[in-house]
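Chemist: Sharing a structure below in structure tokens format, with a few things to ask.
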Amino acid sequence: MGIRQAKWDEGKINLIVRNGAESPSLDVTITPIYCVNCDRQLPHLYEHLGSRYGQVGTIHCAFCESAIHCTDGDNIVFELKTSGCVLNYYHLYRLEKDIWIKLKESYGYDIVARHKGKTITLKTVVKELSKEFKVPVTASQQFTSQDGKITMFPKVVVKWFSILVYLGLDK
């Protein structure tokens with residue numbers, strides 16, 4: 001249980017493809033953190049190690065030293081609530097239902113048909129799409145969250161974003 005500073009390769013973004021679902025559910029263990037007190041993203045990513053009754057733990061801002069209390073839904077983690085901020089991973093990592101529908105309709109990539117009843121990682125999807133569509137994926141591009149607050153993402157998310165740009169699904 002708790003939350004700790006992560007290395008780039010730590011943490012997973014799991015996609016749970018349930019039978020009968022139109023898009024996968026998320027279970028995320030790697031996250032950026034934003035401090036609302038000093039209005040800055042912390043300089044590291046963090047690994048979510050689980051919670052007890054929704055209580056994940058507390059970290060301190062690297063800039064203003066404010067306590068940032070973290071909570072989740074106490075089951076699968078599709079969002080992390082911090083002091084004054086909610087990180088919804090469907091939106092933050094661009095894994096919303098409409099992205100999966102567009103991938104299916106425009107490119108024939110149907111995550112539900114391919115991985116029905118399984119839990120896979122975003123890394124698996126990135127590899128599949130990169131190979132099938134010959135996407136030149138890099139982890140060095142710079143992306144910013146839609147609200148402009150988050151600029152540092154896990155490498156696999158940066159690769160995912162670059163695939164969305166390449167396929168014209170970034171809008």
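Chemist: As an exercise: evaluate Val36 against (1) of a type in the set (Val, Ile, Thr); (2) touching a residue at least 40 places away in the same chain (Cβ under 8 Å); (3) in contact with a His (Cβ under 8 Å, 6 or more places away or on another chain) and give the number of the one condition it does not meet.
Modeler: (3)
Chemist: Related question: Output the number of residues of the stretch 88-116 satisfying the condition of being farther than 12 Å from Pro24 by Cα, buried (at least 17 other Cβ atoms within 10 Å of the Cβ) and under 13 Å from the mean Cα position of the chain (by Cα).
Modeler: Residues flagged as farther than 12 Å from Pro24 by Cα, buried (at least 17 other Cβ atoms within 10 Å of the Cβ) and under 13 Å from the mean Cα position of the chain (by Cα) within the stretch 88-116 amount to 4.
Chemist: Next up: Looking at (1) touching a residue at least 60 places away in the same chain (Cβ under 8 Å); (2) open to solvent by less than 10 Å² (accessible area, probe 1.4 Å); (3) among the β-branched types (Val, Ile, Thr), which is the only condition Ile3 fails?
Modeler: That leaves (2) as the condition not met.
Chemist: Which residues, taken from the stretch 65-84, are without any contact (Cβ under 8 Å) to a residue 24 or more places away in the chain and of a type outside the set (A, V, I, L, M)? Write out each step before concluding.
Modeler: Of the stretch 65-84, the ones without any contact (Cβ under 8 Å) to a residue 24 or more places away in the chain are 65, 67, 69, 71, 73-75, 79, 81.
Once the filter is applied, which keeps residues that are without any contact (Cβ under 8 Å) to a residue 24 or more places away in the chain and of a type outside the set (A, V, I, L, M), the stretch 65-84 yields Glu65, His69, Thr71, Gly73, Asp74, Asn75, Glu79, Lys81.
Chemist: Starting from residues that are out of contact with any Phe, Trp or Tyr (no Cβ under 7 Å at 6 or more places or on another chain), of a type in the set (A, V, I, L, M, F, W, C) and open to solvent by 20 Å² or more (accessible area, probe 1.4 Å), keep the ones in the stretch 32-58 and report whichever is nearest to Leu92 (Cα to Cα).
Modeler: Top of the filtered list is Val36.
Chemist: May I ask you to list the residues in the stretch 26-45 that are under 12 Å from the mean Cα position of the chain (by Cα) and assigned to a strand (DSSP E or B)?
Modeler: Leu26, Asp27, Val28, Ile30, Thr31
Chemist: How many residues are over 19 Å from the mean Cα position of the chain (by Cα), within 16 Å of Pro32 (Cβ to Cβ) and aliphatic (A, V, I, L, M) when one looks only at the stretch 53-87?
Modeler: 3
The values are calculated or read from the model by the stated rules, or taken from the named source; none is laboratory data. From a predicted model like this one, the values you see are computed outputs, not experimental measurements. Using ideal geometry, Cβ is built from the backbone for each residue, glycine included, and neighbour counts are taken over all protein chains shown. Only protein heavy atoms, including side chains, enter the accessible area calculation; ligands, DNA and RNA are left aside. Shrake-Rupley method; radii C 1.70, N 1.55, O 1.52, S 1.80 Å.
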